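What follows is a single structure, written as structure tokens, with notes after it.
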Amino acid sequence: MSNTRFIFGFHAITSRLRQNSASIKEIFLDADRRDQRARDLAKLAETQDVRLIPCDNGRLAAMAGDARHQGVAACIDASRSHVDIEDVLDTLIEPALLLVLDGIQDPHNLGACLRVADAFGVHAVVAPKDRAVGLTATVHKVASGAADAVPYISVTNLARTLRELKQYGVSIIGTTADAESDLNSVRLDGPIAWVLGAEGKGMRRLTRETCDQLVSIPMLGSVESLNVSVSAGICLFETRRQRGARG
């Protein structure tokens, strides 16, 4: 039996339509919404041959419960997800922005990272199958819907996956406290994969050696490290800021 659930919000559903439309059973859109965002979503659903059902706000509220639905909901088969990184890269219409997590074992940290990834429009989160928590029920709860909105790709060999990303023209940038360059001095344009390790341990040696560049996050206080989701948010924000500044 398929794992059917609802996701909500224009960003999450548009991302799912572009990256994994086959997993969407149907979309419910507030019949009173006739703005450009609603029209764009309806057009994208039509091009992906996904059924769109106009409905009233009360029905959407019943589906969403305590979640914010923004006037749109999608019923998805969560068991149908991306298997390969190529599935994501081949559908992109902008430079790739990926988040690679090496050795994150705390489900609360992974859930928070997924929320950050969704907030900054990350196209996929990549993590190894071994020594990583995976998408547990706790991760889904902490992620607050982001686990369904952002493709999570579990790979057998992380270093090999990073080398494959390089063949797609993706720059691999790792974060580490002892890097010679810091975030303020790095130009962040083109396809990028940010690589972060577990708090305290950092990236594994082979992962670190596979990176094209290592950078640190400037720290002015007395703490020696940040939570991985906080670090991810800082790096992703700076990437989006630079991309926006350059148009």
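Within segment 94-115, residues that are among the polar types (S, T, N, Q) and assigned to a strand (DSSP E or B) have Cβ atoms under 7 Å from residues that are at pLDDT below 95 and open to solvent by less than 10 Å² (accessible area, probe 1.4 Å) in no pair, counting only partners at least 6 apart in sequence or on another chain.
Only residues that are under 12 Å from residue 175 (Cα atoms) and open to solvent by less than 20 Å² (accessible area, probe 1.4 Å) were counted across segment 199-210, and they come to 1. Counting the residues of segment 173-183 that are surrounded by fewer than 20 Cβ atoms within 10 Å (Cβ to Cβ) and among the hydroxyl-bearing types (Ser, Thr, Tyr) gives 2. Given the structure, is residue 165 touching a residue at least 12 places away in the same chain (Cβ under 8 Å), crowded, with 19+ Cβ neighbours inside 10 Å and not in a strand (DSSP E or B)? Criteria met by residue 165.
Among the residues of segment 204-244, the ones that are under 20 Å from residue 117 (Cα atoms), part of a helix (DSSP H, G or I) and not hydroxyl-bearing (Ser, Thr, Tyr) come to 14 in all. For segment 1-27, filtering for residues that are within 14 Å of residue 68 (Cα to Cα) and in contact with a Cys (Cβ under 9 Å, 6 or more places away or on another chain) leaves 2. Is at least one residue of segment 230-247 at positive phi and open to solvent by 80 Å² or more (accessible area, probe 1.4 Å)? Looking for residues that are at positive phi and open to solvent by 80 Å² or more (accessible area, probe 1.4 Å), one finds at least one in segment 230-247, hence yes. Of all residues in segment 1-29, those satisfying the criterion of being β-branched (Val, Ile, Thr), under 12 Å from residue 44 (Cβ atoms) and touching a strand residue (DSSP E or B) at 6+ places or on another chain (Cβ under 7 Å) are 13, 24, 27. Select from segment 91-108 the residues that are at negative phi and open to solvent by less than 30 Å² (accessible area, probe 1.4 Å) and list them in ascending order. Across segment 91-108, the qualifying residues are 96, 97, 98, 99, 100, 101, 102, 104.
Sort through 148, 118 and tell me the only one that's modelled with pLDDT under 85 and assigned to a helix (DSSP H, G or I).
Details: 118 fails: modelled with pLDDT under 85.
Going through 148, 118 in turn, the sole match is 148.
Quick one: count up the residues across segment 121-137 that are closer than 18 Å to residue 14 by Cβ and assigned to a loop (DSSP other than H, G, I, E, B). Steps first, please.
Of the residues in segment 121-137, the ones closer than 18 Å to residue 14 by Cβ are 121-125.
Subsequent filtering for residues that are assigned to a loop (DSSP other than H, G, I, E, B) retains 121-123.
Counting residues in segment 121-137 that are closer than 18 Å to residue 14 by Cβ and assigned to a loop (DSSP other than H, G, I, E, B) gives 3.
Considering 186, 195, 170, the condition of being over 21 Å from the mean Cα position of the chain (by Cα) and open to solvent by less than 20 Å² (accessible area, probe 1.4 Å) is satisfied by 186 alone. With respect to (1) at pLDDT below 85; (2) closer than 30 Å to residue 172 by Cβ; (3) acidic (Asp, Glu), the lone exception for residue 102 is condition (1).
The values are calculated or read from the model by the stated rules, or taken from the named source; none is laboratory data. Only a predicted model underlies this, so the values are computations on that prediction, with no experimental measurement involved. Note: ideal-geometry Cβ built from the backbone for every residue, glycine included; neighbour counts use all protein chains shown. Only protein heavy atoms, including side chains, enter the accessible area calculation; ligands, DNA and RNA are left aside. Shrake-Rupley method; radii C 1.70, N 1.55, O 1.52, S 1.80 Å.
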